[in-house]
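Accompanying notes for the structure given below.
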Amino acid sequence: MNKTIFALSSGGGRAGVAVIRLSGTAVRSTLQTMTGKVPEPRYATLATIRDPENKAVLDKGLVLFFSGPHSFTGEDVGEFHVHGGPAVVEGLLACLARQPDLVAAGPGQFTRRAFDNGKLDLTQVEGLADLIEAETPQQAAQALRQMDGALSRLYEGWRTALVRALAYGEAGLDFSDEEVPEDLMAAVKPDVAVVAQAITVHLADGGVAQRLRDGVTVVLTGKPNVGKSSLLNRLAQSDAAIVSARPGTTRDVVKARIALDGVPVTLVDTAGIRDAEDEIEAEGVRRAERALEEADLVLHVLDASEEDPAMFHVKQDDQTLIIAHKSDLNHWQQEAHILPVSSKTGEGMEILLHTLSDRLGLVADAQGGQALTRTRHRQALEDCLVHLNRFMAQTDTVLAAEDLRLAIRDLGRITGRVDVEDLLDVIFADFCIGK
Ligand code: GDP
């Protein structure tokens, strides 16, 4: 039997209101002893909240009750909306902790119960985690769609189609050769091919939704004094900046975070990868090299006042964007692949932001909210496709059925329909306490 859990579900620190939530079988009795009654479900009720031991008043606030299974967790849920000061909140939490039927909730435990009770599937749980982490409106919108079950419907739809195909195909296995007019497993192949095709298209999305969820990294490189840090600061002060230019200077690597088309972009200034002479500097170089490896795009900064880009051979590939910086000082012959930019005058900044967004592939086509957001889903779908392709090529009916069963299991793992015990700790570890 699950213990009844409680936690502060609103943020820490001083606030107008703090929400303390409880879930489990002891919710009714707790509300009864602390407020004198169990409020009508789903109606906010003003009550005096008391310590049951000595009747001391802890606060006066709103109390809510949600009767299971019509609650977030599927169990009885109670909420105290109290004044958000440390003494009130801590007093109430300490009082709850003293009660024998209650135990403080661990991270994500409310959501875990919602999952265990079938209120949310795994993609919805992940959507909820993403919503709490969302920094931009676009990220929040994507997370909300996923929480609403956009991905569940898609993946469950495919799964159901395969289950139906398997049932039909296997119907033939119960009969002897003479009785079965045709190979039923072969007959369902066209239906399975439709699902395989849909998965193939879904996988070939270019990773747009995943980039929106995860964010991207752009690394600035170039010789010392070409103006990398000036450029980073200028970008961080542009309209695109979301979080304060976090000058998280960890020796030789400076970061800032901006939002481009709703996608969080981490800008990293490597301060020039040099030959390391001493140990400390060597560490800086290692960090810079690591940043380069992880970069989705490298901004190679040249100094327009010093070098003629025509003379300068910078590695050009899909991963690199070349900038002729300090364009206010010098105008070379324009080269199509090199962007003139000045951090001083702001020249070229708009074009730079557009080009970055374009090169990073940040703008999603309308996908009806059914876009791939996680590597976990991508891997399961790739596995599923392997099994479906094997099924299509299989001539032995029994082996074909086994491949189809494996493909169904792959899809079931995404939504958590089949045994996913091994995944749960990883997924719920992303949550905070009270969620
Ligand atoms: P970093 O070593 O590559 O990070 O270069 P800094 O950002 O420290 O800049 C080096 C020098 O170039 C500083 O004196 C800046 O004021 C100057 N600088 C940076 N950007 C520009 C620019 O767009 N135009 C001009 N004229 N000078 C710039």
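So the values come out like this:
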{"item": "Choice from Ala198, Ala114, Ala288 showing the highest fluctuation, given a GNM over the chain with Cα pairs closer than 10 Å", "result": "Ala198"}
{"item": "Per residue, in Å², the accessible surface of the chain once ligands and nucleic acids are set aside, probe 1.4 Å", "result": "50 Å²"}
{"item": "Pairwise Cα inverse-distance average, inverted: Kirkwood Rh of segment 40-138 (Å)", "result": "15.5 Å"}
{"item": "Paramagnetic reach from Leu93 in segment 392-435 [backbone N under 20 Å; point 7 Å along Cα→Cβ]", "result": "429-435"}
{"item": "Kyte-Doolittle mean at least -1.0, axial Cα span of 30 Å or more - DSSP H helices of the chain", "result": "150-171"}
{"item": "Charge dipole magnitude, Cβ of K and R +1, D and E -1 - segment 49-117, Cα centre, debye nearest 20", "result": "80 debye"}
{"item": "Which of Gly127, Val89, Thr73, positive extreme of dipole for segment 54-135 (C-beta unit charges)", "result": "Val89"}
{"item": "Distance (nanometres) between label positions extended 7 Å along Cα→Cβ at Ser67 and Asn54", "result": "3.6 nm"}
{"item": "Val418 paired with Thr200, simple spin-label distance in nm, labels 7 Å along Cα-to-beta-carbon", "result": "2.2 nm"}
{"item": "Where Val163, Val254 fall by accessible area, highest first, once all protein chains stay in place (1.4 Å)", "result": "Val163, Val254"}
{"item": "Total charge dipole magnitude, the chain, about the Cα centre, Cβ charges on Lys, Arg, Asp, Glu only, Debye to nearest 20", "result": "2200 debye"}
{"item": "Values of log10 I(q)/I(0), in the order q = 0.14, 0.20, 0.28 Å⁻¹, for segment 88-151 under a Debye, Cα-only, solvent-free model", "result": "-0.56, -0.79, -1.07"}
{"item": "Radius 12 Å from Cβ of Gly127, net charge of other residues (Lys, Arg +1; Asp, Glu -1)", "result": "-3"}
{"item": "Ranking by accessible area, most exposed first, for His387, His337, His83 with a 1.4 Å probe", "result": "His83, His337, His387"}
{"item": "Globularity ratio of the chain, using Cα Rg and 2.2 N^0.38 Å", "result": "1.29"}
{"item": "Length released on extending from Thr160 to Arg390, taking residue separation times 0.36 nm less the Cα-Cα span", "result": "80.9 nm"}
{"item": "Tally of Lys pairs whose C-alpha atoms are under 17 Å apart, taken over the chain, 8 or more apart or cross-chain", "result": "10"}
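The values are calculated or read from the model by the stated rules, or taken from the named source; none is laboratory data. This one's a predicted model, so the numbers in the text were calculated from it and none came from an experiment. Neighbour counts are summed over all protein chains in view; Cβ atoms, including those assigned to glycine, are modelled from backbone coordinates with ideal geometry. Calculation scope for accessible area: heavy atoms of the full protein, side chains included, ligands and nucleic acids excluded. Shrake-Rupley method; radii C 1.70, N 1.55, O 1.52, S 1.80 Å.
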